[in-house]
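Taking it in order: structure first as structure tokens, then the write-up.
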Amino acid sequence: MTASYNLSQLGSNYLQGGSGSVARTTASKLQESVSVKDFGAVGDGTTDDTAAIQAALDSAAKQVTFPAGGIYIVNGGLSVSTVNQVISANGATVKLKASAATKYIIATTVGATDVVFDNGTWDGNKANGNSTGSTYDSYGIGLFADRCTVKNIDSINTYGIGVKGFANYLSVLNSRIRNTTNYGIYFDGSVSVSSTGNRAIGNTIDMSEGQISGGQNIGQGILFTAGSGQNQLSWEVSSNIVTGPQTSVQNQAINIGVRGKNGIVSNNITRYGAMGFSEGGESTVISNNQFLDITGTVAYGIEPSGKNTVVSNNVITGAIMGVIVTGAVTYDGMSITGNNITASQKGVFLQPTSSYTAQNCVISSNYIYGGSYCVYLQGNTVNTQISSNVLVGPSATFASGRGVYVDTPPSSALVFISNNAIVNVQRPYAIYSAAATTFTNLFAIANNLCATGVNTNSSRWTAEGSAVIGTGVISANNINPGTIGAQYNVIDQATNLLTLYGSGTPESSITASVGSLYLNKSGGASTTLYIKESGTGNTGWIAK
């Protein structure tokens, strides 16, 4: 017969060896750490160890260990109710039995704060009868009390979620999650209060075998979400490596997504999937990430979702849209700086919907390759600063190629384009409106332009649709001569007041308004400087 005992009944003294040790009861010593084998767990990969493991967790020991080398089969639904308990499974595997009664392995109760899950492989065994029911009820480890931590674990083969949480100050650290159907890490929140302080740092997540819905992979690597009207607050998602699905990707296949505000997403590397990062909310810093080889029919690199957001020093490759700002949200005060973006359509796309704004935004010091548009502004994007970028299109003869495209802004758009290098686009900057709207306060100054291609006015603001260029519009830039004869800067585009240079006389060859200047590069006494003093066409030039 196997002897049984209750720790609380052990009253004899225990004395630790070594100088300075004090006598304690044996019960208090044993309650510091217990092994699941102390309660009858076998760990042979066959025996159902559910009851024995639950007894160990219920012992109130501050540490419960799974001895290394064992495979501990459970029927699901293990519960942790002791505050500050550490569950350590270094070198061990805890695995759902085939067709388990409950589809999650282990979870804390609501009151069990400060629990730590450390090491071990947690196997959802989804291929053997555990791929039924709601994916949200199927997970490896569940954290439902504040300040709980998962670290250094391997979570594999879970039908729904690798690590699930619903509390504050939760952490998933340095763990590995793969072959999970729905989410690698999923933190949810209440409809009555926001969640605070949740973190996912240093994890490696492979969602390439995620859920297939309608022939599409919709698995997501990391998702922090919240109840209606609430947010994840002061969150952090950093230094994770996430591999998304490579083929047949819907827009749900987001590598990292957070519904919140005041957060940090930094130093992550993601590959494939439909989006590198989505949402984040106001006052979020998205920095030093690599969102690589975005794929599928959506293919967004970064999709921010709030005002005062910082998007800096990220690398985006393979996207259709590099940084896309769209929807019924206010995006004022956004800063997009120092990024390296490659996109087949739009590099940076600011598009707040009607009644919302993206005002006072800065797009600076980026390398942006746009297959059609490098920077596309649409809607109420007043006072946009676009400076010191390298804007590259696919070809100077590509009819839809634009460096900066301003689509239907307010009439007082206030667009400042300065100190950019703009190449391989047919038009460096253009403004569009379907209605006959006169636009003022458009400035393009000190840009370096390559004016080759079919558009001989490529150094000027181009009005498209029914847009009208008003007075005060300035285009004063440095222009590569390319295939154009006379080169010019525009002092007042509405009246065609120009400063030009070329070879030979402008008389009968150069059209400009009265007051324009022309410098003859060929030189010659009294023929180096010309002023247009009269007329409306290409005559009236007087040599000085």
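The values are calculated or read from the model by the stated rules, or taken from the named source; none is laboratory data. Keep in mind it's a predicted model, so treat the numbers as computed, not measured. Positions of Cβ are generated from backbone atoms using ideal geometry, with glycine treated the same way; all protein chains shown enter the neighbour counts.
Applying the criterion of being at pLDDT 95 or above, crowded, with 24+ Cβ neighbours inside 10 Å and more than 17 Å from the chain's Cα centre (by Cα) to the residues of region 168-186, the residue that is nearest to Q250 (Cα to Cα) is I177.
Hey, any hits in region 349-366 for a residue that's within 23 Å of the chain's Cα centre (by Cα), of a type in the set (S, T, Y) and either at pLDDT below 95 or not assigned by TED's automatic domain parsing to the domain that holds V473 (or both)? Within region 349-366, one or more residues are within 23 Å of the chain's Cα centre (by Cα), of a type in the set (S, T, Y) and either at pLDDT below 95 or not assigned by TED's automatic domain parsing to the domain that holds V473 (or both). Of the candidates V94, V115, the single residue that is in the same structural domain as A61 (by TED's automatic domain parsing) and more than 33 Å from the chain's Cα centre (by Cα) is V94.
Would you say A226 is in contact with a Gly (Cβ under 9 Å, 6 or more places away or on another chain) and outside any loop (DSSP other than H, G, I, E, B)? Can you show your working first?
Working: in contact with a Gly (Cβ under 9 Å, 6 or more places away or on another chain): yes; outside any loop (DSSP other than H, G, I, E, B): no.
Here the answer is no, as A226 does not meet what is asked.
Of the residues making up region 81-105, those that are without any contact (Cβ under 8 Å) to a residue 40 or more places away in the chain, out of contact with any Asp or Glu (no Cβ under 9 Å at 6 or more places or on another chain) and either crowded, with 17+ Cβ neighbours inside 10 Å or within 16 Å of D154 (Cβ to Cβ) (or both) are G91, A100. Restricting region 490-544 to residues that are among the hydroxyl-bearing types (S, T, Y) and in a strand (DSSP E or B), the residue that is farthest from I431 (Cα to Cα) is Y530. Inclusion of V163 among residues that are part of a loop (DSSP other than H, G, I, E, B) and β-branched (V, I, T) is not warranted. Evaluating A274 against the criteria (1) touching a Pro at 6+ places or on another chain (Cβ under 9 Å); (2) at pLDDT 95 or above leaves one unmet condition, (2).
Whether any residue in region 240-257 is touching a strand residue (DSSP E or B) at 6+ places or on another chain (Cβ under 8 Å), of a type outside the set (G, A, S), at pLDDT 95 or above and farther than 16 Å from T204 by Cα is what I want to check. Among the residues of region 240-257, not one is touching a strand residue (DSSP E or B) at 6+ places or on another chain (Cβ under 8 Å), of a type outside the set (G, A, S), at pLDDT 95 or above and farther than 16 Å from T204 by Cα, which makes the answer no. Applying the criterion of being more than 12 Å from F439 (Cα to Cα) and touching a Leu at 6+ places or on another chain (Cβ under 7 Å) to the residues of region 453-469, the residue that is modelled with the highest pLDDT is S459. In the set N75, N119, only one residue is at pLDDT 95 or above and closer than 15 Å to V150 by Cα; that residue is N119.
Within region 408-446, being in a strand (DSSP E or B) and β-branched (V, I, T) holds for V415, I417, I422, V423, I431, T438, I445. The set of residues in region 470-497 being at pLDDT 80 or above and more than 44 Å from the chain's Cα centre (by Cα) consists of L497 alone.
For every residue, the table says whether it meets (1) crowded, with 18+ Cβ neighbours inside 10 Å; (2) of a type in the set (D, E); (3) free of Cβ contacts under 8 Å to residues at least 40 places away in the same chain.
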| residue | (1), (2), (3) |
| --- | --- |
| E236 | yes, yes, yes |
| Q246 | no, no, no |
| V249 | yes, no, no |
| N255 | yes, no, no |
| G273 | yes, no, no |
| I294 | yes, no, yes |
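Could you grab me the full set of residues in region 31-71 that are β-branched (V, I, T) and buried (at least 16 other Cβ atoms within 10 Å of the Cβ)? Explain how you work it out, then say what you get.
Applying the first criterion (β-branched (V, I, T)) to region 31-71 yields 34, 36, 42, 46-47, 50, 53, 64-65, 71.
Matches in region 31-71: V34, V36, V42, T50, I53, V64, T65, I71.
The residues listed here are Y376, Y356, Y331; of these, the one that is outside any strand (DSSP E or B), touching a Phe, Trp or Tyr at 6+ places or on another chain (Cβ under 9 Å) and within 20 Å of I417 (Cβ to Cβ) is Y331.
Of the strands (runs of 3 or more DSSP E) contained entirely in region 244-303, those carrying at least 1 residues that are under 9 Å from the mean Cα position of the chain (by Cα) fall at 254-258, 264-266, 275-279, 285-287, 290-292, 300-303. Scan region 187-228 for residues that are at pLDDT 90 or above and either under 19 Å from the mean Cα position of the chain (by Cα) or on the phi > 0 side of the Ramachandran plot (or both) and the total you get is 20.
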